[in-house]
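Data block below; observations after.
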Amino acid sequence: MAGDDGEAVRNKQVIFRDYVSGFPKETDMEVRESAMKLRLPEGSNGILVKNLYLSCDPYMRNRMKKLDVPSYRDSFQPGSPITGYGVARVLESRHPNFKKGDLLWGFTGWEEYSLITAPETCFKIAHADVPLSYYTGLLRMPGMTAYAGFFKVCSPKKGETIFISAASGAVDQLVG
């Protein structure tokens with residue numbers, strides 16, 4: 001774990017190579033290893049984490065394009081690690097909501113270790129009695145959307161038949 005000067009580790013990352021048109025291909029990404037010290041920079045209120053699970057979500061495909069109009073998420077930056085939702089263990093923290101050893105889910109890099117400089121995008125995992133991978137889907141956006149859409153919007157009554165038009169998507173498969 002991180003000491004005063006930080007343990008040096010190899011950090012494997014999935015790097016976004018360049019903007020795509022059409023469907024992404026394996027060659028649009030590359031795996032790189034770099035050296036990293038497990039230490040927060042001085043003055044940072046961030047958190048240093050070891051990523052345990054990473055999510056691959058449909059919205060990420062649009063982030064691989066050069067967007068000409070503003071979106072709720074910016075395009076990935078060529079030459080940088082891909083980012084998305086994940087589950088991680090806190091190695092070091094200077095943020096009051098997280099301490100060493102905590103489990104969290106939130107926005108992180110596709111890499112073994114991440115420095116999260118916006119910890120307000122992360123949430124402490126209070127219930128680790130379910131598989132942690134559930135926090136990348138079932139207990140995150142796809143699962144919450146499926147639950148709210150089915151029970152709050154659809155609000156089915158006993159005896160009704162429910163038709164799910166495409167139970168192959170991230171949300172619809174969970175409704176099914």
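The values are calculated or read from the model by the stated rules, or taken from the named source; none is laboratory data. Quantities reported herein were computed from a predicted structural model and do not represent experimental measurements. So basically every Cβ, Gly included, is an ideal-geometry build from the backbone, and we count neighbours across all protein chains shown.
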Single match in Gly149, Gly101, Gly159 (criterion: more than 13 Å from Gly86 (Cα to Cα), surrounded by fewer than 11 Cβ atoms within 10 Å (Cβ to Cβ) and not assigned by TED's automatic domain parsing to the domain that holds Gln77) = Gly159
Here are some residues: Gly84, Gly101, Gly106. Which one is at pLDDT below 95 and over 25 Å from Lys25 (Cα atoms)?
-> Gly106
Does Phe107 qualify as being touching a helix residue (DSSP H, G or I) at 6+ places or on another chain (Cβ under 6 Å), of a type in the set (Phe, Trp, Tyr) and in a loop (DSSP other than H, G, I, E, B)?
-> no
Options Arg61, Arg39: the member that is assigned to a helix (DSSP H, G or I), out of contact with any helix residue (DSSP H, G or I) (no Cβ under 8 Å at 6 or more places or on another chain), surrounded by 13 or more Cβ atoms within 10 Å (Cβ to Cβ) and not aliphatic (A, V, I, L, M) = Arg61
Say whether the condition of being of a type outside the set (S, T, N, Q), within 15 Å of the chain's Cα centre (by Cα), surrounded by 11 or more Cβ atoms within 10 Å (Cβ to Cβ) and part of a strand (DSSP E or B) is met by at least one residue in the range 22-31.
-> no
Residue among Phe123, Phe151 that alone is assigned to a helix (DSSP H, G or I) and without any contact (Cβ under 8 Å) to a residue 60 or more places away in the chain | Phe151
Just wondering, is there one or more residues in the range 14-26 that are in contact with a Pro (Cβ under 8 Å, 6 or more places away or on another chain) and of a type in the set (A, V, I, L, M)?
-> yes
Considering every residue within the range 64-81, establish whether at least one is surrounded by 13 or more Cβ atoms within 10 Å (Cβ to Cβ) and part of a strand (DSSP E or B).
-> yes
Within the range 83-93, is there a residue that is more than 15 Å from Ile116 (Cβ to Cβ) and either loosely packed, with under 12 Cβ neighbours inside 10 Å or in contact (Cβ under 8 Å) with a residue 12 or more places away in the chain (or both)?
-> no
